[in-house]
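One structure is given here, and the rest of the page talks about it.
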Amino acid sequence: MAKKLAVIGAGLMGSGIAQVSAQAGWEVVLRDVTDAALARGKDGIEASYAKFVSKGKLAADAAEQALARITTTTDLDAAADADLVVEAVFEKIDVKREIFSTLDGLVKDETILASNTSAIPITKIAAATSRPDRVVGTHFFSPVPMMALCELVRGYKTSDETLAAAREFAESVGKTCVVVNRDVAGFVTTRLISALVVEAAKLYESGVATAEDIDIACKLGFGHAMGPLATADLTGVDILLHAADNIYTESQDEKFAPPEIMRRMVDAGDIGRKSGRGFYPHN
Ligand SMILES: NC(=O)c1ccc[n+]([C@@H]2O[C@H](COP(=O)([O-])OP(=O)(O)OC[C@H]3O[C@@H](n4cnc5c(N)ncnc54)[C@H](O)[C@@H]3O)[C@@H](O)[C@H]2O)c1
């Protein structure tokens with residue numbers, strides 16, 4: 001019998017995780033708080049499958065079968081018989097802790113609870129449960145159907161068995177895993193991009209080089225697909241400022257201390273593509 005996965009949160013990430021999992025044969029129950037959010041999530045999945053079919057990357061009947069493996073609900077109880085739960089709700093620790101605490105009393109003893117958090121320490125989420133050894137981070141990247149990486153994060157008490165099960169799940173949906181062995185702020189990926197963006201913004205702020213030249217240096221010098229300042233504009237200067245601030249607060253490591261220019265850009269509303277201007281104009 002197919003294994004059952006519950007995905008909590010049908011937003012950008014939750015619907016992407018549900019999509020790749022159903023395609024890989026998991027029976028998926030997708031839970032959100034409103035029918036509107038579930039409809040948006042399911043429509044997005046359907047549209048994405050259709051795109052893969054039109055490009056010849058997925059057979060039409062495989063897409064139909066995958067879609068049929070996804071059920072949606074606003075009832076958290078539907079997660080009760082899941083073998084694995086992946087949480088992908090808002091990046092708010094209180095919301096996540098409440099969900100994990102409820103799930104802990106609901107699911108089978110052996111069920112693993114995973115969080116897709118990009119930055120909250122897994123240990124803090126796991127502490128809301130009576131099974132911290134069976135809580136793990138499965139940090140997928142956006143857009144989930146396209147991005148090959150899943151960063152697995154060990155909380156302070158995550159067991160080897162839980163990590164192995166999380167790896168098995170992520171690999172079953174076609175991802176390549178990297179393991180974060182210590183639950184540090186920003187894990188591996190957010191630390192790397194934060195350090196790079198902070199240094200690039202410092203070089204830009206002090207007039208050492210233009211934004212264009214900093215990005216060209218990374219692209220042509222290191223083979224990066226996108227330069228750090230263009231990445232900041234795409235992700236949101238506000239999001240990266242927040243990430244770097246958090247890592248700096250926890251680590252007290254100066255290399256993560258964001259330069260003033262990032263704060264002033266956020267104050268001014270120049271946060272990147274979503275506002276029309278960041279390190280570059282976007283019209
Ligand atoms: N967006 C990204 O690029 C990205 C990348 C990696 C990780 N993440 C992480 O993934 C998580 C989800 O991010 P997202 O971009 O999908 O957010 P999103 O805002 O698109 O979706 C969040 C969804 O969670 C739902 N929700 C809120 N409370 C809920 C509850 N109690 N039960 C069920 N659903 C609930 C909301 O209605 C919404 O549909 C966050 O922790 C985020 O940090 C995001």
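Some observations on this one:
- Distance between the pseudo-spin-label points of S130 and E46 (7 Å out from Cα toward the beta carbon): 4.2 nm.
- Spin-label pair A268-A59: with each label point 7 Å from Cα along the Cα-Cβ axis, the two points sit 5.6 nm from one another.
- Taking the fewest neighbouring Cβ atoms within 10 Å as the starting point, the ordered list for R40, R69 is R40, R69.
- Listed pairs K42/K124; K124/K157; K42/K274; K4/K57; K4/K124; K57/K219 exceeding 20 Å between Cα atoms: K42/K124; K42/K274; K4/K57; K4/K124; K57/K219
- As a rough footprinting exposure proxy, the listed residues Y280, Y248 were ranked by other beta carbons within 10 Å of their own, and the order from fewest upward is Y280, Y248.
- Two-site FRET efficiency, K157 against D245, from Cβ-Cβ distance with R₀ of 45 Å, rounded to 0.05: 0.95
- Distance in nm between pseudo-label sites at N283 and I216 (7 Å out along the Cβ direction from Cα): 2.3 nm
- Taken along its principal axes, the alpha carbon cloud of the chain reaches lengths of 60, 45, 33 Å, longest axis first.
- The chain - mean residue ellipticity at 222 nm from DSSP helices (-39,500 (n - 2.57) per run, n ≥ 4, rounded to 500): -15000 deg cm²/dmol
- The range 189-273 - convex hull of the alpha-carbon atoms, volume per residue in Å³: 89 Å³
- For the listed peptides 46-54, 217-225, a ranking on the average number of other beta carbons within 10 Å per residue, highest first, reads 46-54, 217-225.
- Take each peptide in 205-212, 177-184, 155-162, 226-233, count the other Cβ atoms within 10 Å of every residue, and average; sorted highest first, the result is 226-233, 155-162, 177-184, 205-212.
- Farthest towards the positive end of the charge dipole of the chain, among the residues I193, G207, C218, is the Cα of C218, using unit charges on the Cβ of Lys, Arg, Asp and Glu.
- Charge dipole (Cα centre; +1 on Lys/Arg Cβ, -1 on Asp/Glu Cβ; no other charges) of the chain amounts to roughly 360 debye.
Here, each number is a calculation from the coordinates, and none is a lab measurement. Note that the structure is a prediction, hence the values are computed from the model and not measured. Positions of Cβ are generated from backbone atoms using ideal geometry, with glycine treated the same way; all protein chains shown enter the neighbour counts.
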